[in-house]
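Asker: First the structure, which I've put down as structure tokens, then a few questions once you've had a look.
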Number of protein chains: 2
Amino acid sequence: MIQFDSTHAFLKEDILSYQDKVNQCHEALMSKTGAGNDYLGWVEWPYQYDKEEFERILKVAENVKDKAEVLLVCGIGGSYLGARAAIEMIQGLYPKNKTEVIFIGNTFSSTYFKQVEDYIKDKSVVLNVISKSGTTTETAMAFRMLKQIMEKKYGKEECKVRIIATTDKARGTLKDLATKEGYETFVIPDDIGGRYSVITAVGLLPLAIMGIDINSIMQGTQKAYEDLKDSSLTTNAAYQYAVCRRILQNQGKDAEMLVTYEPQMSMVAEWWKQLFGESEGKDGLGVLPCSATFSTDLHSLGQFIQEGKKVLFETLLLVEHPTMDGLFPHDDDNMDNMNYLENKSLDWVNKMACKGTLEAHEITGNVPNLILTLPDMKEFTFGYMCYFFFRACAITCYLLDINPFNQPGVEVYKKNMFRLLGKD
Amino acid sequence: MIQFDSTHAFLKEDILSYQDKVNQCHEALMSKTGAGNDYLGWVEWPYQYDKEEFERILKVAENVKDKAEVLLVCGIGGSYLGARAAIEMIQGLYPKNKTEVIFIGNTFSSTYFKQVEDYIKDKSVVLNVISKSGTTTETAMAFRMLKQIMEKKYGKEECKVRIIATTDKARGTLKDLATKEGYETFVIPDDIGGRYSVITAVGLLPLAIMGIDINSIMQGTQKAYEDLKDSSLTTNAAYQYAVCRRILQNQGKDAEMLVTYEPQMSMVAEWWKQLFGESEGKDGLGVLPCSATFSTDLHSLGQFIQEGKKVLFETLLLVEHPTMDGLFPHDDDNMDNMNYLENKSLDWVNKMACKGTLEAHEITGNVPNLILTLPDMKEFTFGYMCYFFFRACAITCYLLDINPFNQPGVEVYKKNMFRLLGKD
């Protein structure tokens, strides 16, 4: 499903020389004996997910779909990026869709909130608030304001249908509030961290409301589970990728640029940045995750990659079959001299741009390139890709002796902020 | 107008020790004796811009405004990023605006093009194509297809009003085509490179069509020109910033993360990446430009910044006065425990998040922070900020003995691509 190619990466170590260490990491992951083993719920999730809840997601989505001219998804971090990445990848940036999704509760920006408030004034709105505890400040603030706006507009009774909470299964301020107000609730599992949560109700509910086939997503995760069962570095592409990241950082490459050739994949890159940056960026270690969308950014970052300081490697996340395509048309006048592309498919040109760029960056620019190729941008592939990156991320962190599942550094700014806000 | 603060950056060299070198760079810039001196048209542009053309921009914008349910801006690199950065910064992400702007011709993605084609089918469209030569492949391909679509929809006669070309003043395929078809044309000056072009017709025409006050933008550039006349490092904030970038790279920081606290500023960061990355990333030198929008990305990249490998410094691009604000409301139940923020302005909370994060990254994380503070996100400030960064970029490159105005590395992938496309 995902093809991995490391032949353009100037690797100075043999991938296979990591087999013993990878076997240990794999064993630690599967036997739940490694660091962060309280957060391994995602490993077996492709099969172990709550089937009853899944059916309820489909039912609730069906019920509210027609009420949602705008779907507000109120969450931050893993409660924001996964759903956004999936919706953009699968539906594209200008979809024919009667539901528009707006992400909120992911910023303190007053202008952003107030503009959205104005924007939704005369639109029919459904709100999915997503927070494990209910105390994440960005999300809690936005939710209080949106709840008041919606209660004023629809009344408390109708809000029982229009507001849905995804939260802890038993406790926390959001769970208590949802129970009191009578909102439908879905569960953020205790043993799945935010950046691994897109394949739970956190991601699946908004996706289902947007009309995305979440069954197919789960099937994709199952296929990935099967394909990545064996830790052999001759066959396990996720583990090959995990090892290559370590080899390239050993070679002095402290930044990884995830490169896509589809604008609708740029939020996947943001989601990937959280997954890898938050999992790996601790103990003074890890690779700085950054991203670019080509060919667009060849006209901005391209110069630096080609001829600037050699600090980074690229990981290309390519797509074999685009969602839509067309043929480049003939023009009688040919004043633009573009007839040489007549009847070529647009995607073929994109592929040639990619090939030419790889050659330029690799051979002339001496920049290592790893290549991951997805078959398409559909649901099944999205699910597969998520699980692929989960596995790769866990192993690449274990190879550094890092706990991939905590994020102690995120608390520091919060502590300072709470002091400044005068929170007890 | 822009306040600069380097007191959180752990500088190991004295900024003022660079004064002599900066004076030389400034002199090279102003007397046009430095590298790349064919591309210094932007330096005096705040006063020297073509006033007649400026009036024509306003007139044409007024004429087509009502026809533009959708404004298509067809261009890439500097013919894309500046206008997008300005529109988002000034109008926000969910503006009350009857004109919607869609950027196109900035990608080879077939899905992107085809989705936009469908999306605009029943909408009233105005097209501004922007290309110096008319041969940039992404833009030329999109333009041929859009031209055919619009001619079919409106007829050739009406297209004379609805299609506007910004291009070379005298020659090139786009200029010739525009002359033949009878399109209105505006000029990309010979001596202003793409990444410096947002304050020319390249940026100003789409902005004017979107209803943005371009007079105020030009006044902002004039104010910046005056404020940055003197090369003294005790007063010139742009040059201070230019020097600090060099000092921090000398200290081993090979990546700069431009951080904003407003989602509507994230495209300014993309524009900034082109300006600095393309100007500086050559001869194996330069700082890798990357970006983040906080607090959103504190929940993704925050962990890496706080505790990961110490490869980067942050440049905060802050905004003193948000475009919109509101007070956080009271709630009788207070089940979310958020009443402690009752009657606080939303922006105040954003400011406290910023302050707490700065402290966390600086003191606990040991990450150098530079701070640039803008008064607001209005037109005047946008113009000022552009010119500020232009000056800073030129000087920071001259300090490295780099030509800030060429981009030889961008040609490499094009050459390979043309060979693969079978172009003669």
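Asker: Applying the Karplus parametrisation 6.51 cos²θ - 1.76 cosθ + 1.60 with θ = phi - 60° to the phi angles of segment B:75-85, what ³J(HN,Hα) value in whole Hz is obtained for each residue in order, glycine and proline being reported as x?
Answerer: x, 9, x, x, 8, 9, 5, x, 4, 5, 4
Asker: Let me ask something else about it. Do the sum for the protein assembly as shown: with -39,500 (n - 2.57) for every DSSP H run of n ≥ 4, divided by all residues, what is the mean residue ellipticity at 222 nm, to the nearest 500 deg cm²/dmol?
Answerer: -14500 deg cm²/dmol, from helical runs alone.
Asker: Heads up, I need the accessible area for B:Asp333: 1.4 angstrom probe, whole protein in place, Å², nearest 10.
Answerer: 80
Asker: Would you list B:Glu138, B:Glu88 from the most to the least accessible area, probe 1.4 Å?
Answerer: B:Glu88, B:Glu138
Asker: Next up: Can you give the accessible area of B:Lys282, probe radius 1.4 Å, in Å² rounded to 10?
Answerer: Surface accessible to solvent at B:Lys282 totals approximately 10 Å².
Asker: If you don't mind, another one. Once the mean 1/r over all distinct Cα pairs of segment A:43-96 is inverted, what Kirkwood radius in angstroms do you read off?
Answerer: Taking every pair of different Cα atoms in segment A:43-96, averaging 1/r and inverting gives 13.4 Å.
Asker: If a/c stays under 1.5 just call it rounded; otherwise compare a/b with b/c (prolate if a/b is bigger, oblate if not). Do that for segment B:292-408, with a ≥ b ≥ c from the square roots of the Cα gyration tensor eigenvalues.
Answerer: It comes out oblate by the Cα gyration axes.
Asker: Right, another one. Every other copy gets compared here: list the nm distances from the A:Asn337 label point (7 Å along Cα to Cβ) to its counterparts, shortest first, one decimal.
Answerer: 6.8
Asker: Could I ask something else about it? With the dipole of segment B:39-212 worked out from charges on the C-beta (+1 for Lys and Arg, -1 for Asp and Glu) around the Cα centre, which of B:Ile130, B:Trp45, B:Asn106 lies farthest toward the positive end?
Answerer: Value: B:Asn106.
Asker: Within 15 Å, Cβ to Cβ, of B:Gly155, how many net charges do the neighbouring residues add up to if Lys/Arg are +1 and Asp/Glu are -1?
Answerer: With Lys, Arg at +1 and Asp, Glu at -1, the net is +3.
Asker: Given segment A:1-83, what whole percent of its Cα pairs are spread farther than 14 Å?
Answerer: In whole percent, the share of Cα-Cα pairs in segment A:1-83 beyond 14 Å is 81.
Asker: 5 Å is the cut-off here: which amide hydrogens, built 1.01 Å from N in the peptide plane, fall below it relative to B:Glu184, excluding neighbours closer than 5 in sequence?
Answerer: Sorted by chain and number, the residues that satisfy this are B:Ala165.
Asker: Another question, then. Once you put a point 7 Å from the Cα of A:Leu58 and another 7 Å from the Cα of B:Glu100, both along the Cβ direction, what distance in nm separates them?
Answerer: 3.2
Asker: If Lys and Arg each add +1 and Asp and Glu each add -1, what is the summed charge of the other residues whose beta carbon sits under 11 Å from the beta carbon of B:Lys282?
Answerer: Net charge in that neighbourhood comes out at -4.
Asker: Would you jot down the residues in segment B:409-424 that end up with at least 20 Å² less accessible area in the complete protein assembly than in the chain alone, with a 1.4 Å probe?
Answerer: Buried on complex formation: B:Gly409, B:Val410, B:Val412, B:Tyr413, B:Asn416, B:Met417, B:Arg419, B:Leu420, B:Leu421, B:Lys423.
Asker: Run the label-point distances for A:Glu158 please: 7 Å along Cα to Cβ, every other copy, nanometres, shortest first.
Answerer: So the label point of A:Glu158 gives 3.9 nm to the other copies.
Asker: Which single residue of chain B puts its beta carbon nearest to the axis of rotation relating B to A, and what distance, in whole Å, does that give?
Answerer: B:Cys290, 2
Asker: Please enumerate, by chain and number, the lysines with C-alpha under 19 Å from the C-alpha of B:Lys156, excluding those fewer than 8 residues away in the same chain.
Answerer: The reachable lysines, counting only those whose Cα sits under 19 Å from B:Lys156, are B:Lys67, B:Lys121, B:Lys123, B:Lys147, B:Lys175, B:Lys180.
Asker: If you project the alpha carbons of segment B:39-212 onto their three principal axes, what span does each projection cover, largest first, in Å?
Answerer: 43, 37, 30
Asker: Rank these by accessible area, largest first, 1.4 Å probe: B:Leu301, A:Leu16.
Answerer: A:Leu16, B:Leu301
Asker: Compute the distribution of all C-alpha to C-alpha distances in segment A:75-163, in bins of 10 Å from 0, and list the percent of pairs in each, rounded to whole numbers.
Answerer: Values per bin, smallest distances first: 15, 46, 36, 4.
Asker: So for segment B:128-241, Kirkwood radius off the Cα pairs, Stokes-Einstein at 10 °C and 1.306 mPa s: how many µm² s⁻¹?
Answerer: After rounding, the answer is 99 µm²/s.
Asker: Let me ask something else. Out of residues 5 or more away from A:Glu320 or on other chains, whose amide H comes under 5 Å of its own, with H placed 1.01 Å from N in the peptide plane?
Answerer: Amide H neighbours of A:Glu320, under 5 Å, 5+ apart: A:Leu374, A:Asp376.
Asker: Further, regarding this structure: Using the basic label-point model (7 angstrom from Cα toward the beta carbon), what is the B:Arg171 to B:Glu13 distance in nanometres?
Answerer: That separation, rounded to one decimal, is 4.3 nm.
Asker: Follow-up. In 5 Å bins starting at zero, report the fraction of Cα pairs in segment A:197-325 per bin as a rounded %.
Answerer: The calculated distribution, bin by bin, is 2, 8, 14, 18, 21, 18, 10, 7, 2, 0.
Asker: Moving on. Enumerate the whole-percent occupancy of each 10 Å bin, from 0 to the last occupied one, for all C-alpha pair distances of the protein assembly as shown.
Answerer: Taking every Cα pair in the protein assembly as shown, the percentages come to 2, 13, 23, 27, 22, 11, 2, 0.
Asker: What full-extension length gain, to one decimal in nm, is calculated for B:Glu181 and B:Gln48 as 0.36 nm per residue of separation minus the Cα-Cα distance?
Answerer: Going from the current span to full extension adds 44.9 nm.
Asker: For segment B:84-195, what relative contact order do you get, as a whole percent, if you take Cα pairs closer than 8 Å and at least 6 residues apart?
Answerer: 24
Asker: Test of the criteria: in segment A:73-163, which trypsin sites (Lys or Arg not before Pro) are in a DSSP loop and have at most 15 other Cβ atoms within 10 angstrom of their Cβ?
Answerer: Sites meeting the loop and neighbour criteria: A:Lys96, A:Lys98, A:Lys121, A:Lys123.
Asker: Determine the distance separating the Cα centre of segment A:268-346 from the Cα centre of segment B:57-131; give it in Å without decimals.
Answerer: 21
Asker: Now for a different question. Over the Cα atoms of chain B, what Rg and Dmax result, in angstrom?
Answerer: Every Cα atom of chain B included, Rg and Dmax give 22.5, 73 Å.
Asker: Per residue of segment B:353-366, in order, report the coupling 6.51 cos²θ - 1.76 cosθ + 1.60 (Karplus, θ = phi - 60°) as ³J(HN,Hα) in whole Hz, putting x for Gly and Pro.
Answerer: 4, 5, 5, x, 6, 4, 4, 5, 6, 6, 7, 7, x, 6
Asker: From the backbone phi of segment A:410-416, what are the Karplus-calculated ³J(HN,Hα) couplings (6.51 cos²θ - 1.76 cosθ + 1.60, θ = phi - 60°) in whole Hz, Gly and Pro given as x?
Answerer: 6, 6, 4, 5, 5, 4, 4
Asker: Another question, then. In peptide B:400-408, how many Cβ atoms from other protein chains are near each Cβ within 10 Å, on average?
Answerer: 1
Asker: Shortest first and in nm to one decimal, what separations exist between B:Gly422 and its copies in the other chains, measuring from label points 7 Å along the Cα-to-beta-carbon line?
Answerer: Result, one decimal in nm: 7.2.
Asker: Now for a different question. Can you give the FRET efficiency to the nearest 0.05 for B:Thr364 and A:Ala35, using r as the Cβ-Cβ distance and R₀ = 22 Å?
Answerer: My answer for the efficiency is 0.50.
Asker: Of all DSSP beta bridges in chain A, what percent run antiparallel (nearest 5)?
Answerer: Bridges in chain A that DSSP calls antiparallel: roughly 10 percent.
Asker: While we're here: Taking a Cβ-Cβ separation under 4.7 Å as the criterion for a possible partner, which cysteines of chain B have none?
Answerer: B:Cys25, B:Cys74, B:Cys159, B:Cys244, B:Cys354, B:Cys386, B:Cys393, B:Cys397
Asker: So, with +1 on the Cβ of K and R and -1 on the Cβ of D and E, and no other charges, what is the size of the charge dipole of the protein assembly as shown about its Cα centre, to the nearest 20 debye?
Answerer: With Lys and Arg at +1 and Asp and Glu at -1, about 360 debye.
Asker: Another one. To the nearest 20 Debye, how big is the dipole of segment B:39-212 about its Cα centre, given +1 on the beta carbon of each Lys and Arg and -1 on that of each Asp and Glu?
Answerer: 400
Asker: Right, another one. If you count, for every residue in B:245-257, the Cβ atoms of partner chains within 10 Å of its Cβ, what is the mean?
Answerer: For peptide B:245-257, the averaged partner shielding equals 1.
The values are calculated or read from the model by the stated rules, or taken from the named source; none is laboratory data. Quantities reported herein were computed from a predicted structural model and do not represent experimental measurements. Don't worry about glycine lacking a Cβ; one is built from the backbone with ideal geometry, like all the others, and counts go over all protein chains shown. Accessible surface areas use protein heavy atoms only, side chains included; no ligands, DNA or RNA. Shrake-Rupley method; radii C 1.70, N 1.55, O 1.52, S 1.80 Å.
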